[in-house]
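Below: one structure, written as structure tokens.
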Amino acid sequence: MPDSTQVAQPPAQQPEPGLFAAVRDAVRGAHPKYDYTEGSIGRSILLLSVPMVLEMLMESLFVVCDVYFVGRLGKEAVAAVGLTESMMVMVYTLGIGLSIGATAMVARRTGERDAEGAAHTAAQTILLGLVLSLGLGVLGVAFAPQLLVLMGAEASVVASGSNFTRVMLGANATVMMLFLINGAFRGAGDAAIAMRVLWLANVINIGLGPCLIFGLGPFPEMGVTGAAVATSIGRGAGALYAFSKLWRGGGRLHVEPRHFRFDPQLMARLVRLSGTATFQVFVGMASWIALTRIVSSFGSAAVAGNIIAMRVVMFALLPSWGMSNAAATLVGQSLGAGKPERAEKAVWRAGFYNMIFLGLVGLVFFVFAGPIIGFFTEGGAGPEVYAYGVDCLRIIACGFLFYAYGMVLTQSFNGAGDTRTPTLINVFVFWLWEIPLAWFLAFGLGMGPRGVFLAAAIAFSTLAVVSAYFFRRGRWKTKRV
């Protein structure tokens, strides 16, 4: 007979699910009631980062497939794609900037258990994005050839690539909507929905791309323009699917008609937060345009080699952005729940995971740069493009360990709503350090394109060190959103 004086013990806690079960839950989508502000930080990172990494991995696969098919058309086609992508930075800048604001505000409202406020923020962000993308689309369609000339394109590139540029800029609303709606989903913790949206867009894109580029089966042969048409159709389908999930509900975000009524006060807050974030992204994007412009001084082969190598680099960096976005969501929700110490622990943990991943990838890229670039240049690109591509890939890969922490820290500032700190860091690192250094190395020391590649690697490594210093100071913990 048990001792009646014995104190009853509380029931044992349920053990955390195993790794396989956690990954399965992450891909399926964590239950809408799951609270990322409680329990294991590692599990929360896993549930958020797995779908975000897979989402970005699919985007990386598209980037690689796209440049593979376009590379078969020759260096002019590759240069047209690269220069157009440089111009698309305006769209990417606005889209990413607004999505940073949306993610930060939705995450904060979610952490505060304010579902109505989160939905209202998402709707107002969509309205703002539609207005901006319409204006950019009109300008892009009207002035595509002139923009290519401004970017330093040779006459052959302008002749073959103007329609590609028109389609990409004219359909920019599809890109904008993908950024904004998925940003809202991530802030709410619905990372699996954002993953499915991008998978749908890129599966259509990858399947349709070669059909329209080369005229396979019943499809017309459109050359490089076909790549733009396929991209726009795929992204458009993804954007429509994302909006349908937002409208129908069933997840953590559900918008209704009332949420789209213009709210000047909320819109002003969103513009203030996203305006700084947009400028932050613009600083980085503008520096990339400047670097591309410097490289273009050495001919189309240098531009094509740089574009191919950077597309391969993006194959690795985009999944890492998935880990960074997971950290941003955890920071926003943890601050909303009044748990700044949990937010900080999550950031350092995510940075460590990211460092392991990018360190291994960087090693592979450095050792196998030749075969990797050769895979994309064995068609019509030529040996000169191959040489530039290998050089670029090896140099950039040397900084991957630094990039890992730099990306996570930057996104964590943004997730906290402290968009000002990374903006100032970007101005210093990219405009006052990277661009002058690239020019000096390329022309002053006569290193040519290699000097530009080296300047980029040095700048991103500097970004990581400076960001770590300011993150440790902890002022981001007191930011109100």
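In which sequence would 388, 34, 92 go, from the one with the fewest C-beta neighbours within 10 Å to the one with the most?
Final ranking by Cβ density, sparse to dense: 34, 92, 388.
Below 8 Å, C-alpha to C-alpha, sequence gap of six or more: please give me the relative contact order for region 209-358 in percent.
Result for region 209-358 is 9 percent.
Quick check: from the Cα gyration tensor, does region 334-469 come out rounded (a/c under 1.5), prolate or oblate?
Note, shape of region 334-469 comes out oblate.
Which of 62, 260, 185 has the fewest other C-beta atoms within 10 Å, and how do the rest follow up to the most?
260, 62, 185
Using a ≥ b ≥ c from the Cα gyration tensor of region 225-312 (square roots of the eigenvalues), is it rounded, prolate or oblate, where a/c under 1.5 gives rounded and otherwise the larger of a/b and b/c decides, a/b for prolate?
oblate
Under the definition of Cα pairs under 8 Å and six or more residues apart, what whole-number percent is the relative contact order of region 39-478?
Once divided by the residue count of region 39-478, the mean separation gives 24 percent.
How much space per residue, in cubic angstrom, does the convex hull of the C-alpha atoms of region 83-193 take up?
83
Of the listed peptides 130-136, 201-207, what is their order by residue-averaged count of other C-beta atoms within 10 Å, with the highest listed first?
201-207, 130-136
Using helices alone, I'd like the mean residue ellipticity at 222 nm for the chain: each DSSP H run of four-plus residues gives -39500 (n - 2.57), total over residue count, nearest 500.
Helix contribution divided over all residues of the chain: -26500 deg cm²/dmol.
Explain nothing, just compute: Karplus ³J(HN,Hα) = 6.51 cos²θ - 1.76 cosθ + 1.60, θ = phi - 60°, for every residue of region 129-145 in order, whole Hz, x for Gly and Pro.
Per residue, the Karplus-derived 3J(HN,Hα) values read x, 5, 4, 5, 5, 5, x, 5, x, 4, 5, x, 5, 6, 10, 4, x Hz.
Enter the Cα centre distance for the pair region 374-413 and region 303-329, rounded to the nearest angstrom.
So the two Cα centres are separated by 9 Å.
Please list, in order along region 431-439, the HN-Hα scalar couplings obtained from phi with the Karplus expression 6.51 cos²θ - 1.76 cosθ + 1.60 (θ = phi - 60°), rounded to whole Hz, x for Gly and Pro.
Working through the residues one at a time gives 7, 8, 10, 5, 5, x, 5, 4, 5 Hz.
Please state the shape class of the chain: rounded when a/c is under 1.5, otherwise prolate if a/b exceeds b/c and oblate if not, all from the C-alpha gyration tensor.
prolate
Kindly put 450, 109, 261 in sequence by how many other C-beta atoms sit within 10 Å of each C-beta, fewest to most.
Least crowded to most crowded, the residues run 261, 450, 109.
Quick check: the distance between the Cα centres of region 43-77 and region 423-460, to the nearest angstrom?
Cα centres, region 43-77 to region 423-460: 26 Å.
Quick note: the coordinates plus some simple rules give every number you see, no bench work behind them. What you see is a predicted model; the values in this text were computed from it and never measured. No Cβ is skipped: glycine too gets one built from the backbone with ideal geometry, and neighbour counts run over all protein chains shown.
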